[in-house]
Amino acid sequence: MQNNFNAIHAKTLANLSIESFNDMQLAVLEKAGTSKNLMIIAPTGSGKTLSFLIPVLNTLQADKKGVQALIVTPSRELAIQIETVFKNMKTNFKATCCYGGHSFKIEQNSLSEAPAVIIGTPGRLADHIERHSFDPSTIHYVVLDEFDKSLQMGFQEQLKTIFFSLNKNQSHILTSATRLDELPKFLPFLSVETLDFQHKEAESKLKLNLVKTESTEKVETLMRLIAGFNQEVCLVFCNHKDAVNRISGVLDKYRFAHGVFHGDLEQIDREKNLIKFRGGACNVLIATDLAARGLDIPEIKHVVHYQMPVHLEEFIHRNGRTARMHADGEAYLILAEDETLPIYMHKKDFKEISLPEEMKLPAPPTFECIYISAGKKDKISKGDIAGLFMKKGDLTTEDLGLITILDHSSYVAINRKKVRDVLAKVKNEKLKKIKVKIEEAS
């Protein structure tokens with residue numbers, strides 16, 4: 001059995017283009033084999049997703065019918081990310097992803113032939129259980145990813161519905177960025193074995209900078225700051241969506257490439273903005289704390305706190321997007337004269353910096369994002385898209401960036417300087433014998 005597991009693990013690593021498991025993943029693998037209830041406390045970017053997917057995979061049985069594992073996560077973005085990682089592992093097991101904003105009927109159809117793994121958000125999963133979309137009695141493994149966030153967001157009732165439907169004999173993995181003082185009573189266990197990887201190593205490598213400004217010049221100060229990053233990847237955090245939209249409006253006037261991310265955006269708009277950010281079509285993302293954790297976004301060089309969060313925990317999560325694992329990073333606090341630092345900042349060491357008086361806008365990003373009106377449901381692959389743009393559009397591999405394929409659409413990052421010429425060349429081309437629309441992503 002051990003040799004079989006080793007073969008599965010080696011194949012999984014190869015499929016994910018990873019050389020080896022990290023220390024946390026190895027520790028979880030060891031403990032998951034002997035512990036029925038396990039809690040992983042670890043920062044963003046530490047590899048938590050793979051650390052629980054491998055133990056789940058180890059328990060799946062090809063000859064067993066019904067749903068075997070359930071993965072519950074607080075946000076649709078994180079659910080989609082987990083599904084993507086699982087599919088990239090190229091197992092022989094079916095996984096279905098369920099979340100709000102997605103067609104309920106399509107999910108029901110997918111669940112009618114029970115997948116081995118269901119990944120979803122608490123509300124949508126509870127809805128499926130109440131409507132008997134699948135039989136939860138066969139589930140033997142439950143993962144509660146970002147469990148502290150699910151509780152913080154008020155999903156207790158939905159989680160109760162989920163747990164009351166289970167057989168009470170399942171194993172559990174919980175992941176969290178913080179320790180829980182007390183476990184909720186709806187969980188079918190009283191204690192967990194904890195693996196704590198929330199090291200202070202990243203915090204020690206994070207440099208804190210303070211930028212003081214007048215309240216009337218705060219947005220301009222932000223622009224001068226991020227312009228100085230010269231297209232290095234940057235996340236700007238605000239406490240409220242109104243501030244995100246206000247900053248975005250000013251950046252638009254200066255044609256400063258950026259994306260926005262907050263809860264009031266339509267799901268497709270959130271996805272498109274993240275796709276552009278990941279692909280380098282914009283290197284600045286203005287966001288609420290929705291982007292502080294649980295999102296598959298690139299290593300961030302700079303984190304800017306345009307508005308300081310009320311609690312230390314949120315400040316830590318924001319900064320967790322940079323100085324991840326073995327990388328260095330910098331955080332910036334923009335403080336107007338009528339604002340004060342939160343109490344939790346009083347013992348922090350930070351360096352006050354001044355900005356150049358003149359703002360020099362950086363050159364546009366290297367890549368631009370192109371939209372294609374076909375996706376997974378049309379059997380389109382990344383190879384199909386790369387082949388089209390290289391053969392018909394005369395692009396080289398250096399001209400092509402990240403390719404992202406959704407159910408009914410795809411996006412590809414290409415060299416900004418060649419966009420107009422490429423679009424003209426592929427205008428009337430077909431993809432997999434399908435006539436598709438190809439244009440700059442909105």
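Of the residues LEU355, LEU312, LEU53, the one with the fewest other Cβ atoms within 10 Å heads the list, and the complete ranking is LEU312, LEU355, LEU53. Name the most mobile residue of LYS241, LYS149, LYS65, meaning the one with the largest mean-square fluctuation, in a Gaussian network model of the chain with Cα contacts below 10 Å. Judging by the Gaussian network model, the answer is LYS65. In plain terms, the residue of VAL244, VAL211 with the fewest other Cβ atoms within 10 Å comes first and the most crowded comes last, giving VAL211, VAL244. Each label point was placed 7 Å from the Cα along the Cα-to-Cβ direction; for ASP63 and ALA14 their separation is 2.6 nm.
Taking a straight Cα-Cα cut-off under 14 Å and skipping sequence neighbours fewer than 8 places away in the same chain, the aspartates and glutamates within cross-link reach of LYS430 are ASP378, ASP384, GLU439. Counting only residues at least eight positions apart within a chain, or on another chain, the lysines with an alpha carbon under 25 Å from that of LYS347 are LYS200, LYS205, LYS207, LYS212, LYS218, LYS301. This structure gives P(r) over Cα pairs in 20 Å bins from 0, in percent, computed directly, and of (1) 19, 38, 25, 14, 4, 0; (2) 23, 54, 22, 0; (3) 27, 59, 14, 0 that value is listed as (2). The lysines whose alpha-carbon is closer than 16 Å to the alpha-carbon of LYS435, local same-chain residues fewer than 8 away aside, are LYS376, LYS377, LYS379, LYS392, LYS425, LYS427. Amide H contacts of LEU333 (H built 1.01 Å from N, in plane; Pro and chain starts excluded): ASN209, LEU210, VAL211, HIS305 sit under 5 Å, all sequence-distant by 5 or more or on other chains.
Each of SER20, SER176, SER373, SER51 was scored by other Cβ atoms within 10 Å of its Cβ. Listed from fewest to most, they are SER20, SER373, SER176, SER51.
Along segment 409-419 the Karplus relation, 6.51 cos²θ - 1.76 cosθ + 1.60 evaluated at θ = phi - 60°, assigns HN-Hα couplings of 7, 9, 9, 9, 8, 10, 3, 4, 5, 10, 4 Hz to successive residues, with x for each Gly and Pro.
For the chain, the Cβ-based charge dipole about the Cα centre amounts to some 1700 debye (Lys, Arg positive; Asp, Glu negative; other atoms uncharged).
Look at where the Cα atoms of segment 125-152 and of segment 14-78 average out, and the two centres are 16 Å apart. Each Lys or Arg adds one and each Asp or Glu takes one away; over the other residues whose Cβ falls under 15 Å from the Cβ of ARG131, this sums to -2. The count of lysine pairs in segment 2-196 with alpha-carbon distances below 15 Å, taking only pairs 8 or more places apart or on different chains, stands at 10. When both bridge partners sit in the chain, DSSP labels roughly 25% of those beta bridges antiparallel.
Here, each number is a calculation from the coordinates, and none is a lab measurement. From a predicted model like this one, the values you see are computed outputs, not experimental measurements. No Cβ is skipped: glycine too gets one built from the backbone with ideal geometry, and neighbour counts run over all protein chains shown.
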